[in-house]
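Note sheet for the following structure.
The values are calculated or read from the model by the stated rules, or taken from the named source; none is laboratory data. What you are looking at is a predicted structure, and each value in this text was computed from that prediction instead of being measured. Ideal geometry is used to build each Cβ from the backbone, glycine not excepted, and the neighbour counts take in all protein chains shown.
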Amino acid sequence: MRVLNKALILLFGIISLVLSVTAQEIEFKGYGAAGYIFYDRNILNEYNQETYYEGKLQADIEFNKKIEAQLDLRGNSTDNSVNLREFSAKLKYFKYINFEIGNIKKPFGYEYQISKADLVPVNRSFVQNRIEDLGYGGRSVSIMGYYEYSKKRPEFPISYFLSLFKNNSLFAGIVARFGYHFNDDYVISANYQFQQKGGENKINTMGFGIDFVINKKDFDTSIEAYYVQDPYEGIRRKLQNVDEKVYAAGAKLQTAVGFDVDGEFIEEIEPFILLSYFLPDIDVSGNHVLQTLLGVNFYLTKDVRIRLNGDLRLTKNQFIDDYTTKESRGIFEFQVKF
């Protein structure tokens, strides 16, 4: 594994060197982070404490004003490996439509479009992780046509993304995202995804999402809701000759406020709250997860921050009356972006 990691890093360096000769401009950026997590777990079954570190090295290559490419390496202490997370290329030949091809994000939902390094909490919300597990979001080899709203073109207050994807588990499909922008700071968006699994156990599923975002200086809030069909539970029930249409639902609210303190050590304090709700089967309302995450970020500079998260997860199923707090966690992290 270590030999493979070294080979991958060497390959990344060689490719970057070759591209730097042919490209008009190449820029490296990324982040590093180290932290500590305390879990609410039975120590006899799983560890309840974890230290970790992770990092990202990204090369953005501009060949000319119309062609760009990106290489993205990720590594972490969980498996002590380095992976090529993304290769993508962007073609910008037209005014209101651009194209991107490579192993890229499916444009489903607002939260997943934010880079992990730029998230307000340390990790993505519970509801986002669960819908990604069902295939809504995540990365796949895709070709995407898109346009992102620009303040330079207020006459066209639209963002849209239309992506065709295929991955190695026989899933393929289409994702559409459409957003309307109000006064630069407000945007409302809607999502649709259709995915098809081939092979021996075929199934077609779809999902919907809607979100509203306010993004101002020192204030950010977002509301998201999802209604998605579960392909894996659908296949299991199909094999049992029962109704294969199983729908999950989820919602999330996140608000963050920044306060400039201009101290010698800390420049800004950013408290935030995240609330999420996930229902894996809308026909079984007694089975659900409530997440309440309270946190604060202390910015030493714009790109250096200390992060504290208290993540309470209340899990309920239809067979018990009480909630459990298993998998709740507290997180401390130090992050540096460059």
Do you know which of the residues in segment 37-58 that are free of Cβ contacts under 8 Å to residues at least 40 places away in the same chain, in a strand (DSSP E or B) and not acidic (Asp, Glu) is farthest from residue 306 (Cα to Cα)? 58
Look through 5, 64, 48, 83 and report the one residue that is at pLDDT 90 or above, of a type outside the set (Gly, Ala, Ser) and in contact with a strand residue (DSSP E or B) (Cβ under 6 Å, 6 or more places away or on another chain). 48
For residue 226, are the conditions met, namely being surrounded by 16 or more Cβ atoms within 10 Å (Cβ to Cβ) and under 17 Å from the mean Cα position of the chain (by Cα)? yes
Sole residue being in contact (Cβ under 8 Å) with a residue 24 or more places away in the chain, crowded, with 19+ Cβ neighbours inside 10 Å and aromatic (Phe, Trp, Tyr), chosen from 108, 99: 108
Quick check, is residue 167 over 23 Å from residue 226 (Cβ atoms) and either buried (at least 18 other Cβ atoms within 10 Å of the Cβ) or not aliphatic (A, V, I, L, M) (or both)? no
Long-range neighbours under 8 Å by Cβ, at least six apart or interchain, first residue within 26 Å of residue 185 (Cβ to Cβ) and without any contact (Cβ under 8 Å) to a residue 40 or more places away in the chain within segment 156-167, second polar (S, T, N, Q) and part of a strand (DSSP E or B): 159/189
Quick one: which residue in 114, 131, 61, 67 is closer than 30 Å to residue 272 by Cα, in contact (Cβ under 8 Å) with a residue 12 or more places away in the chain and of a type in the set (Val, Ile, Thr)? 131
Answer yes or no as to whether residue 176 is surrounded by fewer than 16 Cβ atoms within 10 Å (Cβ to Cβ), in contact with a Gly (Cβ under 8 Å, 6 or more places away or on another chain) and either among the hydrophobic types (A, V, I, L, M, F, W, C) or within 24 Å of residue 29 (Cβ to Cβ) (or both). no
With segment 100-219 as the region, which strands (runs of 3 or more DSSP E) entirely inside it contain at least 1 residues that are among the aromatic types (Phe, Trp, Tyr) and under 25 Å from residue 233 (Cβ atoms)? 158-166, 171-182, 186-197, 203-216
Could we say that residue 205 is touching a Lys or Arg at 6+ places or on another chain (Cβ under 9 Å) and under 21 Å from residue 170 (Cα atoms) here? yes
